[in-house]
Amino acid sequence: MKLRIALASMLAATTLATTTLATSVSAQTLTVVTAGDTNMVDYINDYLGPKFEETHPGVTVRAVGTGPGDGGSQAIYEKIDAQKSKDVWDVDVAVVHQRMAGKMVEEKLLSSYRDGLATAKLVTRDTAENSLGVNVSGYVMPMFHSQIAIAYNPDVIANPPQSYEELAKWVKENPGKFGYNGITGGMAGVGFVFGWMYAFSGAADEIRNGPWVEGAADKWAPALASLRDFNQSVVMTPGNAGTLDAMNRGEIAMGPVWMDMFYTWVADGRLNPNLKLMILSPGMPGQPMYYTVPAKAAQPELAKEFIAFATSPAVQADGIVRRFNWFPGIDPQNVKSELTDAEWNRLFADVTPETLAERGWSMPQAKYFAAILEAYEKNVAK
């Protein structure tokens, strides 16, 4: 009898130890640090994280935000760079903008993880390979794409100009009908300026892909002079939202906008639903946000599983397209079956996937990015 009790006690103790060990192994915290507005943190903590946790019992996803714009990505870089001497870093997944992704790849702060990802073959855009002139192939997976386009009122403009050259002529003939924010108050105006330089500098490929050529800006005088002349006939708005507000009030009939912001405002009833979108030839820039895995992440395999889940067609359709009106990070054709016809048509109502592929260009290579803004300040913003 005593032997049976002893054996039972040993079995119970073994079971408890095994259970405790299993719990300690399966209980994991995946730390995601993201640049961007608060909606990025909310998306991960309130939507993406819980859905991933459902398929990974014992896993907790915790997202921390570092702020919008390149400043948010800079903060992530500084956080990781400060840990270089340590064996393990406290960031498992970093969501960053293009400029910082390239810098982190060059400084070997990121791991090359994408080739082993289940969703790697679903990515087709060149931004998955080139980030502002830096080869990032294998190191990044696009979370989503944003695209700058021209919004216009078809009740006022039946046949809108289709290229930067046609737009320049149209603006002279219709002063005060086009508005944008220059290079302050939002990236839609900045992107419009980049598109202008693509169209008129004669160096579009060089500006987009690099490498940087010393003295390149010296050749931009004609393009900048024509932009300064263009600005004499336009309305300068206070920012991205200011351009949309001016259009909604009928103060202007055309202007550059972020497509996702445009669609969100329409869905919220804040914008005239009759307005339409187009991308000027030869192209207008957009940009992705990237999922990356730091080189010494504590949970690298779990991080890969999380990113594969986040870039799966079903999650891209529901989380990226339905919730934010962003373009998916993977090829849209891989998401189409997960969307209703109405949802697909709304996303590509004005700008087709073919037009997006042809005219949806990247932002400039990092040094050209800064040089164009500096040249604008010196030669245009007077």
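So the values come out like this:
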{"item": "Enumeration of residues in region 133-144 that are assigned to a loop (DSSP other than H, G, I, E, B) and surrounded by fewer than 20 Cβ atoms within 10 Å (Cβ to Cβ)", "result": "S137, G138"}
{"item": "All positions within region 169-181 that are in contact (Cβ under 8 Å) with a residue 60 or more places away in the chain and either surrounded by fewer than 20 Cβ atoms within 10 Å (Cβ to Cβ) or in contact with a His (Cβ under 6 Å, 6 or more places away or on another chain) (or both)", "result": "K172, N174, G176"}
{"item": "Lone qualifier among R270, R323, R346 - being within 24 Å of D155 (Cβ to Cβ), open to solvent by 50 Å² or more (accessible area, probe 1.4 Å) and not in a loop (DSSP other than H, G, I, E, B)", "result": "R346"}
{"item": "Test: residue in region 197-211 that is at negative phi, modelled with pLDDT under 95, open to solvent by less than 10 Å² (accessible area, probe 1.4 Å) and among the β-branched types (V, I, T)", "result": "no"}
{"item": "Some residue of region 361-375 being aliphatic (A, V, I, L, M), within 18 Å of the chain's Cα centre (by Cα) and at pLDDT below 95", "result": "yes"}
{"item": "Selection status of M289, of a type outside the set (G, A, S), surrounded by 20 or more Cβ atoms within 10 Å (Cβ to Cβ) and within 23 Å of K79 (Cα to Cα)", "result": "yes"}
{"item": "Residue within region 175-187 that is within 13 Å of I279 (Cβ to Cβ) and in contact with a strand residue (DSSP E or B) (Cβ under 8 Å, 6 or more places away or on another chain) present", "result": "no"}
{"item": "Criterion violated by V351 - all others in (1) open to solvent by less than 30 Å² (accessible area, probe 1.4 Å); (2) closer than 30 Å to D90 by Cβ satisfied", "result": "(2)"}
{"item": "Residue list for region 354-368, restricted to those being open to solvent by 20 Å² or more (accessible area, probe 1.4 Å) and within 20 Å of G191 (Cα to Cα)", "result": "T355, A357, E358, R359, W361, Q365, A366, K367"}
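For (1) closer than 13 Å to M254 by Cβ; (2) assigned to a helix (DSSP H, G or I); (3) in contact with a Ser or Thr (Cβ under 7 Å, 6 or more places away or on another chain), each residue gets a yes or a no:
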site	(1), (2), (3)
T124	no, no, no
T127	no, yes, yes
S146	no, no, no
P154	yes, no, no
L167	yes, yes, no
V171	yes, yes, yes
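The values are calculated or read from the model by the stated rules, or taken from the named source; none is laboratory data. Treat the numbers as computed from the prediction; the structure is a model and nothing was measured. Positions of Cβ are backbone-derived with ideal geometry, glycine not excepted, and every protein chain shown enters the neighbour counts. Note: accessible area is taken over every heavy atom of the protein model, side chains too, but ligands, DNA and RNA are not part of it. Shrake-Rupley method; radii C 1.70, N 1.55, O 1.52, S 1.80 Å.
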